[in-house]
Amino acid sequence: MSAPTERTGVAILGATGLVGERLVSLLQDHPWFRLEEVVASDASAGLRLGDLIEGAGPSADLEVQSCGSELESSVLLSALPGEAALEFEALYTRRGHLVCSNAAAYRDDPSVPLVVPEVNSESLSESAPSVGRIVTNPNCVVSGLAVALVPLQARFGITGLTVVTLQALSGAGRRGLGAWDTQANVIPHIDGEAEKIGRELRRVFGWTFLPSVRVNRVPVIEGHLATVFLKLDGQPAVDEVAEVLADFRPPPPIADLPSSPPRPIRVMHPPDRPQPRLDAGLSGGMGVSVGGIRADSAYDVSFSVLSHNLVRGAAGACLLNAELAVQLQRGVRS
Ligand code: NAP
């Protein structure tokens, strides 16, 4: 399957938010896509993108359009909040656009693919054609965690899972949480998040069991850390688990996508790693770091997984899905 020869025009819905801002920077010099239109709420409409976000680069002079405007781009990358996503993603698919979405609005709809390319790219290929439809990426924890789990699922089979998260403040968006609540503090709750993580992991992997999940908001800027406790078929040794993780490479169609890192998982041996401040930027934020792998007396193995919530967990995940959809469309056409 060949790579697109002409750059496809794309628009960002929610371009002025934290995820939208990352999408703008990931699209600079993108080999397949060209950012042509940016959309946000009525409050930002008519303003210059470069006056609203950091690092807009060559897209700084784009004028922000209001949601619902007629758009020319065939591919829309959506970083809208839930309610706006519910309304406008449906509107744009009715107009024939492909919408790749970060929002939770359609993730539980069985007719909408929920895709992590390294795990279940077939859920997108089975549902071609990909114009006039929505493709979603999972929640910011699941997008990274699924990458760390897929080699273990493939090699051994995962039969049980408990996840405890420490999630960065940027996960709550630009106008997320108040400074008083978040400084030098931990909030052991995020509305609906634990349920979402369990449900979406189950859907992406097709498990019959529901993982147990607890979540915490911590005073970290970027990077979600998850501690996982796993039951694996065959009770493999810790060294074998580490080797399977370190050897993981994306399968061929995914490895050809521009946003796919050649080595998506890094296994870290120092006992105090990974750490958000030091390690979240691995492979431009698309890499996932795994550390502290050890045998567990109640489960088979436990370890920590760190991924960048705004890149692997959101903007980069959405872009990877858009690349996969365009690659598949091109394969269908040629
Ligand atoms: P954010 O910083 O709050 O940005 C929201 C964006 O949507 C802004 O561009 C905002 O425009 C626009 N918007 C808000 N209300 C709107 C409306 N009624 N109509 C049209 N546009 C509207 O949020 P975010 O953190 O970037 O998250 C965006 C989406 O990605 C959410 O669905 C979130 O759940 C999901 N997500 C976020 C993360 C993360 O780590 N932050 C990870 C995974 C998924 P204005 O600037 O004009 O208000």
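The values are calculated or read from the model by the stated rules, or taken from the named source; none is laboratory data. It should be emphasised that the depicted structure is a prediction, and the values quoted were computed from it without experimental measurement. Backbone-built Cβ (ideal geometry, glycine too); neighbour counts: all protein chains shown.
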Q: May I ask you to say which residue of 59, 73 is within 26 Å of residue 175 (Cα to Cα) and of a type in the set (S, T, N, Q)?
A: 59
Q.
Which of the helices (runs of 4 or more DSSP H) found entirely inside the stretch 89-189 contain at least 1 residues meeting this: touching a Pro at 6+ places or on another chain (Cβ under 6 Å) and under 20 Å from residue 215 (Cβ atoms)?
A. 140-155, 179-182
Q: Would you check if there is a residue in the stretch 100-115 being away from the ligand (no atom under 12 Å from the Cβ), of a type outside the set (Ser, Thr, Tyr) and on the phi > 0 side of the Ramachandran plot?
A: no
Q. Which one of these is among the aliphatic types (A, V, I, L, M), more than 9 Å from the ligand (Cβ to nearest atom), touching a helix residue (DSSP H, G or I) at 6+ places or on another chain (Cβ under 6 Å) and assigned by TED's automatic domain parsing to the domain that holds residue 324: 77, 86?
A. 77
Q) Pick from 200, 193, 243, 222: which is touching a His at 6+ places or on another chain (Cβ under 8 Å) and in the same structural domain as residue 290 (by TED's automatic domain parsing)? A) 222
(Q) Can you list the strands (runs of 3 or more DSSP E) lying wholly within the stretch 1-70 that have 1 or more residues being touching a Gly at 6+ places or on another chain (Cβ under 7 Å) and more than 8 Å from the ligand (Cβ to nearest atom)? (A) 8-13, 33-40
Q: Considering only the stretch 165-223, state which residues are surrounded by 15 or more Cβ atoms within 10 Å (Cβ to Cβ) and at pLDDT below 95.
A: 177, 182
Q: Would you mind listing the strands (runs of 3 or more DSSP E) fully within the stretch 200-307 where at least 2 residues are without any contact (Cβ under 8 Å) to a residue 12 or more places away in the chain and acidic (Asp, Glu)?
A: none
